[in-house]
Amino acid sequence: MRLSQLFGKTQRQPPAEAETASHRLLVQAGMVAQLAAGIYSYLPLAWKVLRKIEEIVRQEMDAAGAQEVHLPSLHPLEIWQASGRHQTMKDVLFHLQDKRGREFVLGPTHEEVITDLFRRYVRSYRDLPLMLYQIQTKYRDEPRPRAGLIRLREFIMKDLYSFDADWEGLDRSYTTMVHAYENVFRRCGVPAVAVLADAGAMGGKDTHEFMFLTEVGEDSCLFCQACGYAANAEVALFRKTPTHADEPPLPLEEVATPGVTTIPQLAQFLGIPTSRTCKAVFYMADGRPVLVAIRGDMEVNETKLKRALRALDIHYMSEEEVLRAGFVAGSASAVGLQGATIVADDLIPQERNLVAGANRPDYHLLNVNYGRDWEAQIVADIALAAHGHPCPQCGEPLQLKRGIELGQVFKLGTFYSEKMGATFLDRQGQMRPAIMGCYGIGIDRLLAAVVEANHDQDGIIWPRELAPYPVHLVAIAIDKEEIRQTSEELYCRLMAHGIEPLYDDREESPGVKLKDADLLGMPLRLTISPRTLQQGAVELKPRSSPQARHVPLEEAIKAVTEA
RNA sequence: CGGGGUGUAGCUCAGCCUGGUAGAGCACCUGGUUUGGGGCCAGGAGGCCGCCGGUUCAAAUCCGGCCACCCCGACCA
């Protein structure tokens, strides 16, 4: 490919809006272009890489025994009503109508469509297990698109669905997919780790996310170096031990705490650690007020809270909602509280003599004891694991790291098959719902991660298997006839050997060409210049190393093949 | 949806406070020169100053509303 003909132009200035390396480099290299928030065009170079990523994914999915299909993006609304997800996913669904007013949604994922397909064709356990997948554009009206290709509203996803006759079968399919995913990410040059995750609106039980650990990631995960425990912060457990479990309960006592409205102030005012306090946090859960009681040194994990409440939607109370609920912000507690659901973290009942709000301004209560002074409707683990908390398995301190979620695998079970009647007859002639799993990879997000994982200050460094072209051929001073002739010859010779280079045949200064070569990131660079030509040589340099060497022109093909 | 920020040439930005002729660098076109890290010279083309309204003799500039985009949070591949 001649660079002079290539559609897409490098820019000298990085784009102002880009804050992450992948966003900046892909835009600056002229590989992607934004159309609207979370909606991008892919130009030739990026599209080539995406196709290579897809090819790797196809190979691994096929090797795992899956078959590729292609499902529609236009989904009749009814199919979403059948699963109930027109409600649980309504915030991200794009809606549209046909001429007759029939309602459709743009597919954000395909459990409903695939389950429908299954129920039309599968009758017998003999057809199981079954794995179907597709690589397709998904549409989600994300509340906040972010960081170039990291979070898009229109994106390419590989989604695979497994159907098994029993739970052991699902476990096997799941394990098979986990291994396939490890292969995909390894081949793409992105180190990914599997962590325990939350199933969210997908339904189902076990689920893992594959994380690429990086500071620019939007997820937080906790890791134990001692025993290997790894979990998304949304679901991470940690070992909780009460500090004063053996203390006898002391009499409740009200104290004046003028001007004290926060836990740190309270602890300082009374000269106690924050772990001796019981904090009240206010939420609205599906429109109902909720008071959450948690030890003062911990934070609420909203994913856990949402699950404990079995709520569709929860959010932190606004000031207005606090007023309406009648909570005394700064001095609130569950003691004597009416008219709200009370949720207590499961550590609270084990503690003795905590300090909590008195539900009147400037007063707090000493020696508050669960069971004696108050009770909660729900007691559950709703605490957020943090850096340094003890591992739930071995007690060693957990490490907090940020990551980008590249893929997720779910054991869905019968969530969809029961709702939608996806059944089969087992060996005994019994009708049973299929046991399902689903497995997604964000293809364009993976592209972004590839760049995040493979770049330096000068540009992208494509891994071999993904590079748009294996070689970048730079002709310096190409307006000199002998340079042009030699470069053209080498270009043709490489092509004849099945190596298509990206050939910089532009009449540009050396600096421009070399900078662009670094930015565009082909794994090998061949440079022809008056200097190399004098020796009848061409310079060969890997993008990933500063080491360049001269090789005789006639050995160029061999050198490239062996490099 | 809450909080913060930005909208001026293809890109990066100045001009706005203090109203009066729309600018720079890069990119683009012509010609010349240079040739190993975005070189130099000359000439040229390119703008509903985000949109709508208001104030004013006069608005990129002041005021109001709206929209878009970016960042931080609640959601997800």
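The values are calculated or read from the model by the stated rules, or taken from the named source; none is laboratory data. Remember, predicted model here, so these are calculated numbers, not experimental data. Ideal geometry is used to build each Cβ from the backbone, glycine not excepted, and the neighbour counts take in all protein chains shown. Accessible surface is based on the protein model in full, side chains and every heavy atom, while ligands, DNA and RNA are left aside. Shrake-Rupley method; radii C 1.70, N 1.55, O 1.52, S 1.80 Å.
How about the range A:35-139: which strands (runs of 3 or more DSSP E) wholly inside it have at least 2 residues that are within 20 Å of the chain's Cα centre (by Cα)?
Because the criterion is at least 2 residues that are within 20 Å of the chain's Cα centre (by Cα), the strands (runs of 3 or more DSSP E) in the range A:35-139 that meet it are A:39-42, A:130-139.
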*asked:* Can you list residue pairs whose Cβ atoms sit under 6 Å apart, with the first residue in the range A:368-397 being in contact (Cβ under 8 Å) with a residue 40 or more places away in the chain and open to solvent by 50 Å² or more (accessible area, probe 1.4 Å) and the second being part of a loop (DSSP other than H, G, I, E, B) and hydroxyl-bearing (Ser, Thr, Tyr)? Count only pairs 6 or more apart in sequence or on different chains.
replied: A:393/A:229
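Does residue A:24 meet the test of being closer than 22 Å to residue A:441 by Cβ and either more than 9 Å from RNA strand B (Cβ to nearest atom) or in a helix (DSSP H, G or I) (or both)?
Working: closer than 22 Å to residue A:441 by Cβ: no; either more than 9 Å from RNA strand B (Cβ to nearest atom) or in a helix (DSSP H, G or I) (or both): yes.
It is false that residue A:24 is closer than 22 Å to residue A:441 by Cβ and either more than 9 Å from RNA strand B (Cβ to nearest atom) or in a helix (DSSP H, G or I) (or both).
Could you tell me whether residue A:312 is at pLDDT below 85 and in contact with a helix residue (DSSP H, G or I) (Cβ under 8 Å, 6 or more places away or on another chain)? Walk me through it before giving the result.
Working: at pLDDT below 85: yes; in contact with a helix residue (DSSP H, G or I) (Cβ under 8 Å, 6 or more places away or on another chain): yes.
Criteria met by residue A:312.
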*In the range A:230-285, what residues are open to solvent by less than 50 Å² (accessible area, probe 1.4 Å), within 30 Å of residue A:210 (Cα to Cα) and basic (Lys, Arg)?*
A:240
*asked:* Just checking, does the range A:41-60 include any residue being within 14 Å of RNA strand B (Cβ to nearest atom) and open to solvent by 40 Å² or more (accessible area, probe 1.4 Å)?
replied: yes
*From (1) closer than 22 Å to residue A:88 by Cα; (2) surrounded by fewer than 16 Cβ atoms within 10 Å (Cβ to Cβ); (3) more than 11 Å from RNA strand B (Cβ to nearest atom), pick out the condition that doesn't hold for residue A:161.*
(2)
*residue A:552 passes all but one of (1) within 14 Å of RNA strand B (Cβ to nearest atom); (2) modelled with pLDDT of 95 or more; (3) within 19 Å of residue A:3 (Cα to Cα); which number fails?*
(3)
*When you go through (1) over 19 Å from residue A:275 (Cα atoms); (2) open to solvent by 60 Å² or more (accessible area, probe 1.4 Å); (3) in contact (Cβ under 8 Å) with a residue 12 or more places away in the chain one by one for residue A:323, which number turns out not to apply?*
(3)
*Right, residue A:424: over 30 Å from residue A:345 (Cα atoms) and aromatic (Phe, Trp, Tyr) or not?*
yes
*asked:* Cβ-Cβ distance below 7 Å, separation of 6 or more or different chains: which pairs start in the range A:257-271 with a residue that is among the hydrophobic types (A, V, I, L, M, F, W, C) and end on one that is part of a helix (DSSP H, G or I)?
replied: A:260/A:266; A:260/A:269; A:263/A:274; A:267/A:274
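Does residue A:355 satisfy being open to solvent by less than 30 Å² (accessible area, probe 1.4 Å) and under 30 Å from residue A:194 (Cβ atoms)? Before the answer, list the steps.
Values: open to solvent by less than 30 Å² (accessible area, probe 1.4 Å): yes; under 30 Å from residue A:194 (Cβ atoms): no.
Spelling it out, it is not the case that residue A:355 is open to solvent by less than 30 Å² (accessible area, probe 1.4 Å) and under 30 Å from residue A:194 (Cβ atoms).
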*Residue pairs meeting the criteria (Cβ under 7 Å; at least 6 apart or on separate chains; first more than 17 Å from residue A:500 (Cβ to Cβ), in the range A:452-479; second part of a loop (DSSP other than H, G, I, E, B) and among the charged types (D, E, K, R))*: A:461/A:543; A:478/A:505; A:478/A:507; A:479/A:507
*Matching residues, the range A:420-448, being more than 30 Å from residue A:147 (Cα to Cα) and under 28 Å from the mean Cα position of the chain (by Cα)*: A:434, A:435, A:436
